[in-house]
1. Long-range amide H contacts for Leu76: which residues qualify at under 5 Å (H placed 1.01 Å from N, peptide plane, sequence gap of 5 or more or a different chain)?
2. So which lysines can Lys282 reach, going by Cα to Cα under 18 Å and dropping same-chain residues fewer than 8 places off?
3. In the chain, what % of DSSP beta bridges are antiparallel (nearest 5)?
4. Could you work out the percent of alpha carbon pairs in the range 158-303 separated by over 28 Å, rounded to a whole number?
5. What fraction of the Cα pairs in the range 165-234, stated in percent, has a spacing above 16 angstrom?
6. Let's see if you can work this out: charge +1 on each Lys and Arg Cβ, -1 on each Asp and Glu Cβ, no other charges. What is the dipole magnitude of the range 103-146 about its Cα centre, in debye to the nearest 20?
7. Please report, to two decimal places, log10 I(q)/I(0) for the chain at q = 0.10 Å⁻¹ as given by the Debye formula with identical point scatterers on the Cα atoms and no solvent.
8. So who's got an amide H within less than 5 Å of the one on Leu94, skipping anything under 5 residues away but keeping other chains? H placed 1.01 Å off N, in plane.
Amino acid sequence: MILGSALSRTTRLLLRPTLSPSASSSFFAAASTTRRSYTMASALQSPLFTQQVVQAMRSLYPEELADRAWDNVGLLQENIEPFPATNVPSTVLLTNDLTVLVAEEAIRKKASVIVTYHPFIFRGLKSVTLADPQQRILLQLAQNNIAVYSPHTAVDAAPGGMNDWLADMLNGHGVTTKRTVVQPISGLVPSGFAGAGYGRVVEFGHPVNLGRIVEAYAAGLGGLRYVMVATPKHNGASPVPVRTVAVCAGSGYDVLKDSGADLFVTGEMTHHNALRLTMLGKSVITVFHTNSERRFLKARLQPQLQAVLREQDADARVLVSEEDADPFEIWDVENMPAWAYDR
């Protein structure tokens, strides 16, 4: 056994390739060059158009305005400059929510960037699989080299953003109005964004009937036929006309609850919060969460973003998703869709 081991070691030494000092030097130099070339070739960077979209969004709605205590804004999924370089489509798709249908629409329309108002990555991921629909989106977009940016509460807080847009719908009643921010942002804000903050209160020069305000929001949010209204119970008496309206997109109770307004307008509100307000003599209008937000994309963000991008890329296109929709519908129980009865 000892002799066999010795012979085995000798055989391995005889079979081991040897290099002269000069050959050895050349070999390691070549290996080093190969490593450097590979590293250089695999240096990844974001496409120029993606960088332009991110900078445009930050110029319109700075991320510093977002409520980062809980929100997740910014470039949530990056895409890659192709190697060798090829043209990346100069197309952005705007959506309120990034669903599987919206992701497939972006692929179909050859968008290279999606700007989604609501963040589609909100908490840490421990896996990325096809079993979870949100993770499936991530995989689909990565496979098709599509980036995702979310501005969310930066849009809410910015002057001229989401909540000012909602407040603007109260113009045109033939009365003067005064507007204040419910929760101003404390500390420094970017230049040009003084007065940023969450929620708005609009004060009318004289009282306005609740019905006129309901009509204004139904029209301004895209021609809604149904809205939910909660009013104080007055034993048959008419509700008191409205002098002040507090508005906040999405789920706005926590922002507006101490505003003291006569009327609260938001996307959604829990039963107990609405009950509390009506017992305080307040009224509430809710229009479903994303109905309070979605129309903003076409009315304001699409023209704003396209104008900024076309200063750098004349071919830039900003599309608004046709697949994005509120998950809730109101059904008439006497006239439900036929498919609801299919077995």
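1. Here the answer is Val148, Tyr149, Ser150, since their amide H atoms fall under 5 Å of that of Leu76.
2. In chain and number order, the partners are Lys233, Lys257.
3. Bridges in the chain that DSSP calls antiparallel: roughly 50 percent.
4. Value for the range 158-303 (Cα pairs over 28 Å): 14 percent.
5. 60 percent
6. 60 debye
7. -0.71
8. HN-HN under 5 Å from Leu94: Val115, Leu319, Val320, Ser321.
The values are calculated or read from the model by the stated rules, or taken from the named source; none is laboratory data. Note that the coordinates shown come from a computational prediction; the quantities given were computed from them, not determined experimentally. Positions of Cβ are generated from backbone atoms using ideal geometry, with glycine treated the same way; all protein chains shown enter the neighbour counts. Please note that ligands, DNA and RNA were not included when accessible areas were found on the heavy atoms of the full protein model with its side chains. Shrake-Rupley method; radii C 1.70, N 1.55, O 1.52, S 1.80 Å.
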